[in-house]
1. Below 27 Å, Cα to Cα, which lysines can Lys106 reach? Residues fewer than 8 away in the same chain don't count.
2. Run the numbers on the chain and let me know its relative contact order in percent, using alpha-carbon pairs under 8 Å that are six or more apart.
3. Calculated FRET efficiency, Thr293 and Leu108, Cβ-Cβ r, R0 30 Å, to nearest 0.05?
4. Check which residues have an amide H placed less than 5 Å from Glu339's amide H, if you skip close sequence neighbours.
5. Above 39 angstrom, tally the Cα pairs of the chain and express them as a % of all pairs, no decimals.
6. What do you get for GluC sites (Glu not before Pro) in the stretch 339-408 restricted to DSSP loop and a cutoff of at most 14 other Cβ within 10 Å of the site's Cβ?
7. May I ask you to list the aspartates and glutamates whose Cα is less than 16 Å away from that of Lys217, ignoring any residue fewer than eight positions away on the same chain?
8. Limiting things to C-alpha atoms, what are the Rg and the maximum Cα-Cα separation (Dmax) for the stretch 29-163, in angstroms?
Amino acid sequence: MKLIAAPGERSAIFEGGKRLRLIAYLRGYVSLVVEGKSLERFINMAVSRGIRFWDVAYLGRERIVLRVRLGAVRSLRHIARRTASRFTVQEKVGLPFLVGRARRRKALCGGALFFLATLYFFSLFIWMVEVSGAKRTTPWEIRRAAAEAGLRPGTLRWRIEEKEVEQVIKERFPAIAWVEVDVKGSKALITVAEKKLPDVIPNAPAHIVAGKAGLVKEVLVLEGQPLIKEGDTVLPGQVLISGEVVPGGEGEAGIVPGVPRYTRAKGIVRARVWYQGYGEAPFRERGERPGRTVRSLVLKTGKREIKLYGPGSSPYFRYRLRVTAKKPLRWRNFGLPVEFIRREYVELVPYEIRRSRAQARRLAEERARKVVSASLPERMRLLRESVEEVRAARPEGIIRVRLKVEVL
């Protein structure tokens, strides 16, 4: 029977050994140099006992080299004694030997584990916030708005609410039409798309139009042709000073008859404008306000949840629950089959406020005044203010007021 394959041939006894190399590496294997005059008997006895060899090579007439799993070495010693053979270990390969070396180098392994743990710990935080797509709005302003929403360097990744940050940025900058927050590793990328506004030509012909309805009190024309005069009532969008100067108009002596001139209208038009706001306040108000807050963190693997800290359920009778889930160490479409689930329990405390008629009216006026103040221009002069109580047909336990303001 041919046991050792000649060059270019393969022995049937060793067929399939390569398929077991991965398992052998995990269990550990050794490379042996076997010497003796009964090598065929040595191999036959080993094979009959279920011991597999691979990478067998002929070194001489009475020497061969082979690889065998670590657990079979003890059995091979008995076979070697019975066949008057001997073997020496030439190489040790596999996971058991790596573990053995690690045990002898505890300081090195401890340092490596500490380094990996530190690296993982710092990977849980956001260290870089980048802004892409901003042209008219500066990246610094967008990063400041994101920081106010909770996205800043040094923040834990699972505490970031992407949708909330996007909403804050869109509300802060009306010129931004679309925004996306994408957290990848320790970097957060804020991508924005700004609205396409028409180009403003500095010296192009233009009119001056009314922004509000009002009663004109003063007209000062610096450039253009006025279309209104003092005492006129104007509506929103109405042209006040035209950029198209018609020949023969006021102050236009010397213009070629029949040829209009186009210019950029300049001037000041002051008018009395009225604003009004509505506010209400009940005599008796009931509701719930947020109180204490507790948080919990859970590690979920499949259907199993492992509590890391915090309560397992809400400690409050009435509460509002907010749940966020984050998957750590994601790379492209791959990630660990675990996720961190953060639960926030906010206590809802019932309250009841009773107000007198004077207190309710004062609160209703304050609310109406806030509505009016939000629409008033920066430079204006207050002329008159009046408050009118809106009465219902029957008592409703609530006061409604309407505030009217006249400004110039």
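What follows is calculated from the coordinates using simple rules that are stated; it is not laboratory data. Bear in mind the structure is a predicted one, so any value in this text is a computation, not a measurement. So basically every Cβ, Gly included, is an ideal-geometry build from the backbone, and we count neighbours across all protein chains shown.
1. Reachable lysines: Lys92.
2. Worked out over the chain, it gives 10 percent.
3. The formula returns an efficiency of 0.10 here.
4. Amide H neighbours of Glu339, under 5 Å, 5+ apart: Lys300.
5. On the way: 51625 of 83028 pairs.
Result: 62 percent of Cα pairs exceed 39 Å.
6. Listed in order of number, the matching sites are Glu378, Glu396.
7. Result set, ordered by chain and number: Glu230, Asp232, Glu406.
8. Gyration radius and largest Cα-Cα distance of the stretch 29-163: 30.2, 89 Å.
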